[in-house]
Amino acid sequence: MRAAPEIDLKHYFYGVNNIPSLSIMSKVFRQLWLLVCFFALPWWLCAQEISLTKLGFENGLSHRNVRCVHQDARGFLWIGNEKGLNRYDGHEFLLWKQANPDSPLPEGRLKQILPENDRRWLLLYDSQLVSFDPVTAESSPLVFAEGDSLPAGRFAFNNLASGTNGELWLMASNLADSTAWLFYAAGEAPLRKIAELPLANAVKPMAAFDGRLYLGSWNNVISIIEADGNSNQSYELPAPASDPAFSTVLGFLRENEDRLWVYLSNGQLGWLDRETGFFNRHPLSDQLPHTFNPSALLKDQNGDLWLTGIVQVGTQNTGGPCSFIQPGSALFKYQAATGRLFDLSYYLKQQLEFTTAPRQLFEDATGGIWICTEFGLVHLIQRNHFQALLADGNDCCKDGVCSMRGMTEDEEGNIYFSYYDGIHMLRRSTQTLEPLTTLAEQPLRNPFGLLWHRGYLWLGNGTRIELETMKSETVVPEPRAAEGVLMLDHDGDIWYGCGNEILIFADGNPRRVRSFVDTLELPKELRSAAVSFLFQSRSGSIWVGTAGHGAFQVEKNGTLLRHLTANSSPALPHNRILGITEAGGKIWFGTAAGLAAFAEGNNVISTYTSDQGLANDFINGILPEGDSAVWASTDNGLSRLDLKTLRFANFFDTDGLTRNEFNRISCLRASDGRMYFGGLDGVNAFYPGPQLIRKFDPSVRHVVLSKATWFNGNDQFRNYGNIDPARGLVLSYRDKMFSAWFSMTDFSAPDKHLYQYKLEGYDKNWSAPSPANFARFFNLPAGNYTLRVKASPGGSNWLDEELAIPLRVKEAFYKTTWFLMLALVFLLLAIYSGVRYRLHQARMKAIALEKQVQERTRELAFEKQKSEKLLLNILPAETAEELKATGSAKARRHENVTVLFADFKNFSKIAAQMSPEDLVKEIDACFRGFDDIVGKYKLEKIKTVGDAYLVTGGLKLGERETGSPREVACNTIHAARDMHAFLRQRAELRKAQNLPWFEARIGIHTGTVVAGIVGSRKFAFDVWGDTVNVAQRLEAACEPGRINISSEMHRLIKDDFRCIPRGKVEVKNIGEVEMYFVEA
């Protein structure tokens, strides 16, 4: 093994000379080190608004010693522990082998889950390596090359790594000869042994990168192993000569194929630079103590780094959650955007019984962090997207509660907040809150609106404060109300609106003031409108919002351009205006009944309310997120409307807001893009961005089927979500109870999730929203259904995606057609056997007459069969049986019967050209073809009269299945088409022989008929009724070679066949009948 090329590694990784040796570091020096770090690194902060929850035995986890975790494409979490593979849906843990005893997955310790793609994961057990499909739950062991398998019972699998091109590396311990075997496979090839290494390498960290294996082989050495097993290059990381273990490689993290990270036992972190071929040292290394031994590294979706491990004794413990980095289990977050380090160790320790090094860090699709430990699976939820200001109460606020009002920003980026009794300043440089006034020193009289201008704070109560001296002066002697609003226009003039008065202070000078209302061209009745908001658009026009008269658009010279109200055209949703802004080329109004977007160019207003997904219809403030979105604070939550998709994302106190209720005019978008929304309990500050709306991305949260069970009275059957959506679930008629459990793959607050379900084809309406995540049905009739489920994380945010699982309940076998036919066959066989038995007895009694009796019996049987066959040929079986049994048969009424009449065109003319024998022969051939077609589509031939042919479909004769009216109607159309096709083929043959040929007209109608036989001789089965008459008239009105149908027929088949409307046609003795031609 040769070393990497010579280079000064101090430029790349922490140099040897820069690391104080632990063996010579004195106690005094350590204390000085801590003091310097404590005062020099103010970004060592406690995390705010985070939640850590440990899941263990008490939550259903099969074993608390968790080694690995991953999330599949559907959203399920899969956990490896001492018992094997577990699945978690947010509500329930499932030990997979216990729930699926027939699964080939092994039991016992699962060390590693290595996903290669969404459908192929590799599971590393102590002595087995298994390929697993998390969707279908199918699994199979990986194959080793012939001759490379390990000795049974004398080996253990230790580590697994894979590259992006399908290469696989496996490290195993061969206990038989105390060596470590390294296996390699490319693609689907079997694993083959490529190297034997010292046994100590079996438990060393490794990672596949750029087609090679990086192995932390010994202390501070990283060996590079090629696919053929050769190792010709290594990295020796800087460490004191007396203690090379000081820089021991503890782990790697491969960031796709972009970057390979390495972390060391001295708290150092670096990444491989492809251009130089060396590891660069990350700035985070400067902020971590050298007594920190990392055990896992994660780079989250925001680019922030997470590190966990153990801080060894050597760092002072000051106690408390916001103290300096302490010894013990540690968890750090490095915020890439700011370079700040957040110490979350205190919160992790609250979840762990003893000091332990977590094994893995994992981020799920919604941004939740999962930490695998010996004492359970720890779930960390970040709720620090919203920073709470003045939310914990303040002595400067009335009764200690800061109910916020106006907000403004000065030229240095400092933010000012007003509330009922005072003002606070958020200093930009230190992000600290400082009260400008207190109740004891200088109580303010309802400052309400707030505006900074040239060193002064202008207040909505008619005063202004000089910030340098904190002296106040009255600029509006007698304001008409306490709730004044302020605006700085493009010219630098200050607008002050209060009650029905609007004053303009030129250049912010209190002595250069004029009344704007006096110059307005307003009707007298509108001059009493109370001003609630002032806004200047990009075009320069002024919008004046009122408390009950809508909004006015005016020019600065007083010209009234437009007045929008709830009764104007276009109309606002409400006359009370609480906020105005501009975004996406539209003017947006926050009203007491929703958001309104006014497109001035085409004079159209679009309204958005809770029906479209808004958190609440009462809007208190609105801010633009550039031209991409609009934010609205409401009486129940904060909403973001994406202007491209017009989808709402809603936030509530469960997402980190101080309260769900906000105050009006209490919002500000600062110059750095940060937004502030004030409410009943302080201010919520945040930077809008993808981290806020990621949880609303439909690709990261799904509604999944966790489990389904059905019970047939004796046995219970289960399915744990590995269902083919195309096939769904199939139940038998014996299954009397069906239950389904479902979940939403957002683990931040599963107890607040709401579900609705509907069994389509059985339920008419959706179930009421409920936190219960299961549905149960009893005695479902045979048929096809779809179980639909939708979910909400809470509030009004319902996922667009629905769970849809097909469900089919089979018909009881004794109700099926094949069973009834089989029963009939057995019945006939029984009758036949009985007859044969009686004949046999007769033969035994009269041996002498046996031959004669046998011959006569056969003749009788033959004649009987001929008679029955002839009778069944004339009459339907049910009618024939009734006639034989009683000597007569009653006529019966039948609904939804389809009647087909067919007749030959110019039959008399053609008949005159043929001999009687040829005519009968040709008619016989045609009707035999028709008979076959009728039998093919399970229709009933009724009779022929001359050249007319009558067919019905849908007659309920006995227990014969006829199908639905639509199916019968479609089959009749198919039969009519086949009849025309048959006649065309026969016409071609006869034309070739220069013989006459027939064309048919066909009419079809659907309705009610009466069917039966009449008379006492020469029985004939027939049908009567208007349906028959209409079908005959349809045939008469048809064109040769076409199919003429009625409107009743058209309603049944219109979705299956293309039809040409003929309109209403006058029909003899019936009147006008609406007719359609069926296209060929």
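Quick note: the coordinates plus some simple rules give every number you see, no bench work behind them. None of the values given here were measured: they were computed from a predicted structure. Please note: Cβ atoms are built from the backbone with ideal geometry, for glycine as well, and neighbour counts cover all protein chains shown.
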Item to check | Cα Rg, Dmax, the range 739-788, angstrom units | outcome: 12.3, 40
Checklist outcome for this item: In whole Å, largest first, the alpha carbons of the range 468-521 cover along the principal axes 41, 26, 17
Next on the checklist: What does the C-alpha gyration tensor say about the overall shape of the range 887-1078? Classify as rounded when a/c is under 1.5, otherwise prolate if a/b is larger than b/c, or oblate.
Outcome noted: oblate
Checklist entry - How do the peptides 763-772, 164-173 rank, highest first, by the average count of neighbouring beta carbon atoms within 10 Å per residue? => result 164-173, 763-772
Checklist entry - Going toward the positive end of the dipole of the range 387-696, with +1 on Lys and Arg Cβ and -1 on Asp and Glu Cβ, which of GLY406, ALA632, THR432 do you reach last? => result ALA632
Item to check | Student exercise, the chain dipole from Lys, Arg, Asp, Glu Cβ charges, in Debye to nearest 20 | outcome: 4260 debye
Checklist outcome for this item: If one compares the long axis through the Cα atoms of helix 850-874 with the longest principal axis of the Cα atoms of the chain, the angle in degrees, nearest 10, works out at 60 degrees
Checklist outcome for this item: Rounded to the angstrom and largest first, Cα extents along the principal axes for the range 629-677 equal 28, 26, 19
Checklist entry - Does anyone have the angle between helix 1026-1036 and the longest principal axis of the chain? Alpha-carbon axes, 0 to 90°, nearest 10? => result 90 degrees
Checklist entry - Which residue, chosen from HIS840, PRO781, ALA804, occupies the Cα position most advanced towards the positive end of the dipole of the range 716-865, where the dipole is computed from +1 (Lys, Arg) and -1 (Asp, Glu) charges on Cβ about the Cα centre? => result HIS840
Checklist entry - Once you charge only the Cβ atoms, +1 for Lys and Arg and -1 for Asp and Glu, what is the size of the charge dipole of the range 703-811 about its Cα centre, to the nearest 20 debye? => result 320 debye
Next on the checklist: Ignoring everything except DSSP H segments at least 4 long, calculate the 222 nm mean residue ellipticity for the chain; use -39,500 (n - 2.57) per segment, divide by total residues, nearest 500.
Outcome noted: -5000 deg cm²/dmol
Checklist entry - Where a Cα-Cα gap under 19 Å defines reach, which lysines qualify for LYS204, not counting those fewer than 8 residues away within the same chain? => result LYS111, LYS193
Next on the checklist: Considering just Cα atoms, how many Å³ per residue does the convex hull of the range 912-991 enclose?
Outcome noted: 94 Å³
Checklist outcome for this item: Of all trypsin sites (Lys or Arg not before Pro) in the range 475-543, the ones in DSSP coil with at most 16 other Cβ atoms within 10 Å are ARG480, ARG511, ARG512, ARG527, ARG538
Item to check | With 5 Å bins from 0: P(r) over the range 717-858, alpha-carbon pairs, percent | outcome: 2, 8, 13, 13, 11, 8, 6, 5, 4, 4, 4, 4, 4, 4, 3, 2, 2, 1, 1, 0
Checklist entry - Given the convex hull over the Cα atoms of the range 446-599, what projected area results after averaging over all orientations, in nm²? => result 9.1 nm²
Item to check | Kirkwood hydrodynamic radius of the range 189-279, Cα pairs, Å | outcome: 13.8 Å
Checklist outcome for this item: Among ALA1000, SER964, ALA975, the residue whose Cα sits farthest towards the positive end of the charge dipole of the range 939-1013 (+1 at Cβ of Lys and Arg, -1 at Cβ of Asp and Glu, taken about the Cα centre) is ALA1000
Checklist outcome for this item: With a ≥ b ≥ c from the Cα gyration tensor eigenvalues, square-rooted, and the rule rounded for a/c under 1.5, otherwise prolate when a/b > b/c and oblate otherwise, the range 815-874 is oblate
Next on the checklist: Compute and list, largest first, the equivalent-ellipsoid semi-axes of the chain from the alpha carbon gyration tensor, each √(5λ) rounded to a whole angstrom.
Outcome noted: 77, 51, 25
Next on the checklist: Would the range 634-744 count as rounded, prolate or oblate if I go by the C-alpha gyration tensor, calling it rounded below 1.5 in a/c and otherwise prolate when a/b exceeds b/c, oblate otherwise?
Outcome noted: prolate
Next on the checklist: Quick one: the Cα spread of the range 387-696 along its three principal axes, in angstroms, biggest first?
Outcome noted: 53, 51, 31
Checklist entry - So what is the orientation-averaged projected area of the range 552-658, using the convex hull of its C-alpha atoms, in nm²? => result 7.2 nm²
Checklist entry - How far is the Cα center of the range 903-973 from the Cα center of the range 153-177, in Å? => result 76 Å
Checklist entry - For the range 709-797, what is the Kirkwood hydrodynamic radius in Å, using each pair of distinct C-alpha atoms? => result 14.3 Å
Next on the checklist: Nearest 10 degrees is fine. How inclined is helix 965-992 to the longest principal axis of the chain, computing both from alpha carbons?
Outcome noted: 60 degrees
Checklist entry - Across the range 912-1023, how many lysine pairs separated by 8 or more positions, or lying on different chains, have Cα atoms within less than 18 Å? => result 8
Next on the checklist: Explain nothing, just the number: dipole magnitude of the range 815-874 about its Cα centre with +1 on each Lys and Arg Cβ and -1 on each Asp and Glu Cβ, in debye rounded to the nearest 20.
Outcome noted: 100 debye
Checklist entry - Dividing the convex hull volume of the alpha carbon atoms of the range 126-242 by its residue count, what do you get in Å³ per residue? => result 130 Å³
